[in-house]
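Reading through the structure tokens given below for one structure.
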Amino acid sequence: MERDISAPESPRRRYAPWAMTAIVTALVALLFQGSLPPLNIAAAIFALMGLRQIRRHPDRYIGRAFCWLAIALVLILAILTAMLQPPVLDDAPATAPEPRAIEAE
């Protein structure tokens, strides 16, 4: 029962660590409803690093779909957050005016 040493065993392909980090970070950003822009940016950067890692070692890593899903999720969150947040007006007073009391006659 000798093993054939001439045939190298290919390592089992696994998900890229950066791809997994990207999708988890994007899901956490979804839990915070996109209100933390640094978290959204970090998820996009992690996804790009995951795509780079998969491109450099295609025989070792998988997870390209996770990277693209994280990027899409971050973009959707950014667009929805920008659409739903009211604009900040510079001319608006710092405090709301107090309602006038109605004088009894």
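Note on R52 and L89: their simple-model spin labels are 4.5 nm apart, each label 7 Å out from Cα toward Cβ.
Remark on Y15: its backbone amide H falls under 5 Å from those of I62, a criterion applied only to residues 5 or more positions apart or on other chains, H modelled at 1.01 Å from N. Relative contact order of the stretch 40-92: what whole-number percent is it, with Cα pairs under 8 angstrom and at least 6 residues apart? Answer for the stretch 40-92 is 38 percent. Heavy-atom accessible surface of the stretch 27-74, averaged per residue, reaches 63 Å², computed with a 1.4 Å probe.
The values are calculated or read from the model by the stated rules, or taken from the named source; none is laboratory data. Just so we're clear, the structure is a prediction, and the values are computed from it rather than from any experiment. Because the Cβ atoms are built from the backbone with ideal geometry, glycine has one as well, and the counts that use them run over all protein chains shown. Accessible surface is based on the protein model in full, side chains and every heavy atom, while ligands, DNA and RNA are left aside. Shrake-Rupley method; radii C 1.70, N 1.55, O 1.52, S 1.80 Å.
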